[in-house]
1. Once you have a ≥ b ≥ c as the square roots of the Cα gyration tensor eigenvalues for segment 1-65, tell me rounded if a/c is under 1.5, and otherwise prolate or oblate according to whether a/b is larger than b/c.
2. To the nearest 20 Debye, how big is the dipole of the chain about its Cα centre, given +1 on the beta carbon of each Lys and Arg and -1 on that of each Asp and Glu?
3. Sort Val259, Val158 so that the residue with the fewest other Cβ atoms within 10 Å of its own Cβ comes first and the one with the most comes last.
4. Quick check: from the Cα gyration tensor, does segment 107-295 come out rounded (a/c under 1.5), prolate or oblate?
5. Using a 10 Å cut-off around each Cβ, can you sort Met314, Met252 from fewest to most neighbouring Cβ atoms?
6. Pick from Trp238, Trp44, Trp64 the residue whose mean-square fluctuation is largest in a GNM of the chain, springs joining Cα atoms under 10 Å.
7. For Arg308, Arg227, which order do you get if you count the other beta carbons within 10 Å of each Cβ and list the fewest first?
8. With a/c under 1.5 counting as rounded, go ahead and sort the chain into rounded, prolate or oblate using the C-alpha gyration tensor (a ≥ b ≥ c being the square roots of the eigenvalues; past the cut-off, prolate if a/b is larger than b/c, else oblate).
Amino acid sequence: MRIADVALPTGSAGASPAQIARGVHAWVASPPLRALVARFGGDWPAGDLAAVLAGLDDFSARHWDFRGGRERPEAREPALDPGTAGQVLATAEALGLVRPVPPTHPRYAHLVVLGGLAHACLRRVAYAAHLVRHGPAVAGEVAVLGSFRPLSEVERAVLAGAGIEADTEVDALDAAVRRVLGIAAPSEEDGHDTGHPHHSWSSRTYRPDGLPPVRVLAAPSSEPERRRAHTADTQRFWAGHVRLSPGDPVLMVTAPIYVPFQHCDALRTLAVPYGCGIETVGTDPALPDLTRLPEPTLTPGRYLQEIRSAIRAMRALHEVLG
């Protein structure tokens with residue numbers, strides 16, 4: 001079944017907090033999400049938008065959190081009947097987690113590639129390279145954002161199959177950048193190794209001929225005693241290394257399944273404090289450059305998990321809108 005698409009909160013430069021909040025409300029209160037909550041036996045939360053977001057956060061923690069604090073590859077897959085699984089997939093498509101959408105503007109101030117699991121590092125960097133060679137112009141830099149998260153054995157095997165050796169997420173991103181650019185070494189390097197991956201950071205800048213500079217950043221965690229750096233940490237860290245101006249259009253590249261939550265993280269960490277524009281797109285698996293790269297199997301459980309991630313990101317975004 002196909003359900004009508006639901007728009008994400010606006011990323012237009014200079015959007016007011018009220019405009020963004022209306023977009024949050026439209027997404028979380030949309031008919032497909034309401035129907036999905038009902039399918040899992042939930043009553044719709046009462047109260048204002050903050051109360052609804054809190055209620056959905058609690059509900060999704062009980063019914064759609066299959067990670068339990070673990071990394072995404074370690075999440076369990078729930079046993080769902082075919083009807084429920086079909087509704088999950090249709091809802092995920094309507095909420096913007098399935099189909100890739102191309103960039104809409106001819107020019108951006110910066111292009112930001114968000115890191116992830118090993119296969120995602122390869123695919124997102126390859127897609128970004130395709131965009132800067134064939135798509136919209138980038139006036140500033142291409143920023144490739146990750147952390148010193150250690151790779152799992154499964155991720156190492158994925159990279160080995162592509163002829164890449166790497167120990168951390170940022171190693172995988174850096175190797176992917178060097179491969180797609182055909183450059184052996186960065187022109188500039190900086191960083192601070194504290195001996196602990198949650199505290200350390202690094203920066204490598206490549207300057208390919210005819211293309212914008214490419215900066216590969218590994219961010220430290222904002223809560224190093226509790227966890228590794230997450231998406232919002234990497235976005236804030238990058239913002240501290242580049243001059244963002246009000247009105248700057250910024251293009252974010254991730255996987256389609258993560259577009260809603262990472263779009264909202266970017267609104268919270270970049271658009272609200274800096275006044276820049278944010279457009280978030282997912283990689284297009286049909287591109288020839290990407291068909292040769294490994295792609296994970298996306299299951300109903302994975303989509304439920306990332307619908308929960310989007311709810312939590314929208315709750316965090318709403319809290320900073322005032």
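Readers should treat all values here as calculations from the given coordinates under stated rules, not as data from a laboratory. Predicted model only: the values in this text are computed from it and were never measured. Quick reminder, even Gly has a Cβ in these numbers, built from the backbone with ideal geometry, and neighbours come from all protein chains shown.
1. Values: a/c = 2.42, a/b = 1.49, b/c = 1.63.
Judged from the Cα gyration tensor, segment 1-65 comes out oblate (a/c at least 1.5, b/c at or above a/b).
2. On the way: 32 positive and 35 negative charges, 99 e Å.
Dipole magnitude for the chain comes out near 480 debye.
3. On the way: Val259 25, Val158 22.
Ordered from fewest to most neighbouring Cβ atoms within 10 Å, Val259, Val158 come out as Val158, Val259.
4. Numbers: a/c = 1.33, a/b = 1.05, b/c = 1.27.
The shape class here is rounded.
5. Details: Met314 30, Met252 27.
Listed from fewest to most nearby Cβ atoms, that is Met252, Met314.
6. Trp44
7. Details: Arg308 21, Arg227 12.
Lowest count first: Arg227, Arg308.
8. On the way: a/c = 1.60, a/b = 1.38, b/c = 1.16.
Prolate is the answer for the chain, as a/c is 1.5 or above and a/b outweighs b/c.
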